[in-house]
Amino acid sequence: MYLKEFEIRWNDIDANRHLANKAYIEYTAHTRMTFLSEKGFDQRLLGKLNIGPVVFYEHVYYFKEVFYGRPVRVSLELSGMSEDGKFFEFRHNFYDYKGRNFAHSEMMGAWIDLKTRKLIGLPEEIYQFLDKVERPEDFRILTKEDTRKFSKTPIDLS
């Protein structure tokens, strides 16, 4: 399990003086990109391959408040991936300075070709990296059907 530590900044708190919900999303995104960058899967490589990640959804479950003044840690686990690497799922847990779990997040996304703007499977050199990442016991192979499990579709204004 990968862990990233954060100092709660003044602009990370809300009117109730606890960690704002926007900060949870920012911390998880930063944890994912730091993890990938540390493995060489960085902006330079993404630019060379002309691909980028897209998020389908990110759910956060809050258990306890956390406040300014103490560091927090965010974990990362690759909890699912499709056989071609197109779809991925990450799981995050948030821990206070004493190691107590105060929130949980799950996100699912895919890779997009930045020229065609279409979803793509991962190039082999990147797929091999993600295929070697430590997996939790409940890791699963994702399919396109998994991306539709919440059955949300757009409804336009008339």
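The values are calculated or read from the model by the stated rules, or taken from the named source; none is laboratory data. Quick caveat: nothing in here was measured; it's all calculated off a predicted structure. Note that we place each Cβ from the backbone using ideal geometry, even for glycine, and neighbour counts take in every protein chain shown. Surface areas here come from the heavy atoms of the whole protein model, side chains and all, with no ligands, DNA or RNA. Shrake-Rupley method; radii C 1.70, N 1.55, O 1.52, S 1.80 Å.
Amide H contacts of Ile112: Gly52, Val54, Ile120, each under 5 Å away and 5 or more positions distant or on a separate chain (H built 1.01 Å from N in the peptide plane; Pro and chain starts excluded). Rounded to the nearest 500, what is the 222 nm mean residue ellipticity of the chain from helices alone, with -39500 (n - 2.57) per DSSP H run of 4+ residues and division by all residues? The helix contribution divided over the chain gives -6500 deg cm²/dmol.
Assuming charge only on the beta carbon of Lys and Arg (+1) and of Asp and Glu (-1), the dipole of segment 82-158 about its Cα centre is about 300 debye to the nearest 20. In segment 20-158, taking the dipole from charged Cβ atoms about the Cα centre, the farthest positive-side position among Ser75, Ile155, Leu130 is held by Ile155.
When the Cα positions of Phe6, Ile112, Tyr57 are compared along the charge dipole of the chain, Phe6 comes out farthest toward the positive end, with charges on each C-beta of Lys, Arg, Asp and Glu. The Cβ shell under 11 Å around Ala23 holds other residues with a net charge of -1, Lys and Arg each +1, Asp and Glu each -1. The charge dipole of segment 1-50, taken about the Cα centre with unit charges on the Cβ atoms of Lys, Arg (+1) and Asp, Glu (-1), comes to about 200 debye, rounded to the nearest 20. With protein chains left intact and a 1.4 Å probe, residues in the chain average 62 Å² of accessible area per residue. Net charge of the neighbourhood of Tyr2, taken over other residues with C-beta under 14 Å away and scored Lys/Arg +1, Asp/Glu -1, is +3. Could you state the angle between the C-alpha long axis of helix 21-38 and the longest principal axis of the C-alpha atoms of the chain, as a value from 0 to 90 degrees rounded to the nearest 10? Here the helix axis deviates by roughly 50 degrees. On the principal axes of its alpha-carbon atoms, the chain has extents of 47, 43, 31 Å, going from largest to smallest. Ranked by solvent-accessible area (1.4 Å probe, protein heavy atoms only, all chains present), the residues Met1, Met107 order from largest to smallest as Met1, Met107. Here the accessible area is traced with a 1.4 Å probe on the protein chains. For the chain, carbon and sulfur cover 50 percent of it. Net charge dipole, segment 1-152: roughly 380 debye, given to the nearest 20, about the Cα centre with Cβ charges of +1 for Lys and Arg and -1 for Asp and Glu.
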